[in-house]
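One structure below.
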Amino acid sequence: MNKEELKNYLNITENQYLGIDTIDGDVNLNNVIEIPKGFNPTVGGGYLYLRNITEIPKGFNPIVGGHLDLSSATEIPKEFNPTVDGGLYLNSLTKIPKGFNPTVGGSLDLHNVTKIPKGFNPTVGGSLYLPSVTEIPKGFNPTVGGGLYLNSLTEIPKGFNPTVSGTLDLNSVTKLPDEFNPTVGGGLDLNSVTKLPDEFNPTVGGGLYLHSVTEIPKGFNPTVGNNLDLSSLTEIPKGFNPTIGGSLDLHSVTEIPKGFNPTVGGNLYSDLNIPYTELGNSPIIWGNGKYIKVDGLFTEVVYKKGNVYQVKKIGNPKEFYLVTDGTKWAHGDTLKEAYQDLVYKVTNRSKKDFEHLTLDSVLTFEDSISCYRTITSACSFGTRDFVESNGIEEKDRTISEIIELTKDRYGNDSFTEFFT
């Protein structure tokens, strides 16, 4: 397809072809196998689909308000650094040129890239997928608003301490360097690590998975907002008394020291009768008030005065508010919104409105939100954050599907109990 054919196909002007004027809506060019010279669109709010393009010409740097799909591209030219508000999909790319550091508001998928060049430190609002990378260079510390997936990485260089809002997947790493203490808003997967370095105490908003660790050092008391997997640990050192937002797995422990009484928000898995303090619905506070988890939302406290907290998610500079009346808690983008949500913590609907429903009942997306908030007392901010952060599609669902979708999330236990 040449220039004129493309303009006619999309019904666009010369200025829109060159990117001077914006093209509104989606631009679907999945049937195009070659990008004509000079095509550099500005796509406002929509997606740019170029799924069958295998080669990107020099000078192609579009501005895309939605996603940019280049999932068949096997090579990108130097100076290719598009601005993409949504996701950038480069699934077939195997090599990154030096200087490639795009600004991506959504996820950046580099599924088949095996090696990262020095200086590669993109800013990614969503997740960064690098599951085939086996080695990372010194100085690699990207800022990632979602998860960072380095599933095939076996060794971490010194100085690697990224800030990740979502999951940090290091499932194949077997040894941790000293001073490795990342800040992770989601889960931290270190299931192949067998030994922890001294002073390893990461801040993890989700689960910390240490399935293969058989021994933990003295002073190990990490900040964990969800589950802590120590299922291969055989002995607990004195002084280990963590506060865990989710469940604590100590399946292989054969003996417990005096005074061991962890605070656990979920279950404690063990063949022994281990005493523990149930967290209940109380907020969890770590680090002398530096971190707080309420309504399933793990945040860093920027400022606190009385019952008002100014907070932000890990790895995300956007600040918002958390307020309490001493019993109920609520989040909001503004202080006014947080207080309003506190007043209407439970929506104007009653649990009785949903008693007639079964696991097979189908709810609209809006009714699903209302039902979940009413039964669990989840705040609107936290519910909206869950939907947006996980890319939840706005569609009808059964009660069973809602239960599965919210598994291990705030309120799931009470929601499940209500319908079973």
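The values are calculated or read from the model by the stated rules, or taken from the named source; none is laboratory data. The model shown is predicted, which means the values in this text are computed figures rather than measured ones. Ideal geometry is used to build each Cβ from the backbone, glycine not excepted, and the neighbour counts take in all protein chains shown.
List of remarks:
- Residue count, the range 270-293 (criterion: crowded, with 17+ Cβ neighbours inside 10 Å and under 23 Å from ASP325 (Cβ atoms)): 6
- Among the candidates PRO177, PRO131, residue that is surrounded by fewer than 20 Cβ atoms within 10 Å (Cβ to Cβ), touching a strand residue (DSSP E or B) at 6+ places or on another chain (Cβ under 7 Å) and of a type outside the set (Asp, Glu): PRO131
- Sole exception among (1) closer than 18 Å to PRO222 by Cβ; (2) part of a loop (DSSP other than H, G, I, E, B); (3) modelled with pLDDT of 85 or more for LYS293, by number: (2)
- Annotation note: of PRO137, PRO177, PRO131, PRO162, the sole residue that is in contact with a His (Cβ under 8 Å, 6 or more places away or on another chain) and not hydroxyl-bearing (Ser, Thr, Tyr) is PRO131.
- Residue match in the range 318-339 (condition: under 17 Å from GLY205 (Cβ atoms) and either without any contact (Cβ under 8 Å) to a residue 24 or more places away in the chain or acidic (Asp, Glu) (or both)): yes
- Scanning the range 69-99 for residues that are in a loop (DSSP other than H, G, I, E, B) and more than 21 Å from LYS118 (Cβ to Cβ) yields LEU70, SER71, SER72, ALA73, THR74, PRO82, ASP85, GLY86, GLY87, ASN91, SER92.
Yes or no, residue by residue, for (1) at pLDDT below 90; (2) closer than 30 Å to ASP26 by Cβ; (3) buried (at least 22 other Cβ atoms within 10 Å of the Cβ); (4) not assigned by TED's automatic domain parsing to the domain that holds ILE314:
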residue: LYS98; (1), (2), (3), (4): yes, no, no, yes
residue: ASN101; (1), (2), (3), (4): yes, yes, no, yes
residue: LEU110; (1), (2), (3), (4): no, yes, yes, yes
residue: GLY145; (1), (2), (3), (4): yes, yes, yes, yes
residue: ASN171; (1), (2), (3), (4): no, no, no, yes
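- Taking each residue of the range 82-94 that is free of Cβ contacts under 8 Å to residues at least 60 places away in the same chain and looking for partners that are of a type in the set (Phe, Trp, Tyr) and part of a loop (DSSP other than H, G, I, E, B) with beta-carbon atoms closer than 9 Å, six or more apart or interchain, yields PRO82/PHE60; GLY86/TYR47.
- Qualifying residue in the range 339-350 (condition: among the polar types (S, T, N, Q) and either under 24 Å from SER127 (Cα atoms) or modelled with pLDDT of 85 or more (or both)): no
- Residues of the range 239-285 satisfying the condition of being outside any strand (DSSP E or B), among the hydrophobic types (A, V, I, L, M, F, W, C) and free of Cβ contacts under 8 Å to residues at least 24 places away in the same chain: VAL253, ILE256, LEU272
- When the range 188-235 is filtered for residues that are surrounded by fewer than 18 Cβ atoms within 10 Å (Cβ to Cβ) and part of a strand (DSSP E or B), the ones remaining, listed by number, are LYS195, GLU215, GLU235.
- Where helices (runs of 4 or more DSSP H) sit wholly within the range 324-420, those with at least 1 residues that are in contact with a Ser or Thr (Cβ under 6 Å, 6 or more places away or on another chain) and not small (Gly, Ala, Ser) occupy 335-343, 365-376, 399-405, 412-419.
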